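Comments concern the structure below.
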Amino acid sequence: MAIRQVGALPLRKVRGGGFEVLLVSSRETGRWVIPKGWPAKRLSDPKAAAREARQEAGVTGKISDTPVGGYRYRKKMADQTVRVVEVEVYVLWVKKQRKSWLEKDQRVRAWFTQGDAARKVREPRLKTLISQFGV
């Protein structure tokens, strides 16, 4: 059975129309991912996703109330078992990008064009979600 996480898809508008996507490196493998984490008892899912974006990527902004999609990935747990994780993704329109944030020393963050971001991530449904967003 899949376990659940919430994720933020951080976006910023660019001159001339369109937008860029912010990706962060994962701590374990260094591959490109979106900020994501566990739902919180005291926070709504969108607010929990926004908190992950603040902690993992140092960005804040306006988060969508409803998920724009989801994807699955395999996560190695602390006990070395591998679990399937279902991630619900919320769009975060970035208003502020901090120079310093909680996981700055553990991750790299970078802005990509929509096409480049879709190519950088590994999970097929996340690739599709990014490449088809706004189409």
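The values are calculated or read from the model by the stated rules, or taken from the named source; none is laboratory data. Keep in mind that what you see is a predicted model, and the values were worked out from it rather than measured. Backbone-built Cβ (ideal geometry, glycine too); neighbour counts: all protein chains shown.
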>> Considering only residues that are out of contact with any Phe, Trp or Tyr (no Cβ under 8 Å at 6 or more places or on another chain), crowded, with 17+ Cβ neighbours inside 10 Å and not hydroxyl-bearing (Ser, Thr, Tyr), which ones fall in the stretch 82-102?
In response: Glu88, Leu92, Val94, Trp101
> In the stretch 23-41, is there at least one residue being in contact with a Phe, Trp or Tyr (Cβ under 7 Å, 6 or more places away or on another chain), crowded, with 16+ Cβ neighbours inside 10 Å, under 18 Å from Trp111 (Cβ atoms) and not acidic (Asp, Glu)?
Replying inline: yes
> What number of residues within the stretch 1-37 are more than 15 Å from Glu103 (Cβ to Cβ), part of a loop (DSSP other than H, G, I, E, B), of a type outside the set (A, V, I, L, M) and in contact (Cβ under 8 Å) with a residue 24 or more places away in the chain?
Replying inline: 2
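This table checks each residue for (1) at pLDDT 95 or above; (2) more than 12 Å from Val21 (Cα to Cα).
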site	(1), (2)
Tyr73	no, yes
Gln80	no, yes
Arg83	no, yes
Glu88	yes, yes
Leu92	yes, no
Lys120	yes, no
Glu123	no, yes
>> I need the full set of residues from the stretch 1-18 which are modelled with pLDDT under 95 and either crowded, with 16+ Cβ neighbours inside 10 Å or small (Gly, Ala, Ser) (or both), in order please.
In response: Ala2, Gly16, Gly17, Gly18
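Among the listed residues Ala110, Ala118, identify the single one that is within 13 Å of the chain's Cα centre (by Cα), surrounded by fewer than 17 Cβ atoms within 10 Å (Cβ to Cβ) and of a type outside the set (Val, Ile, Thr).
Details: Ala118 fails: surrounded by fewer than 17 Cβ atoms within 10 Å (Cβ to Cβ).
Just one listed residue meets the conditions, Ala110.
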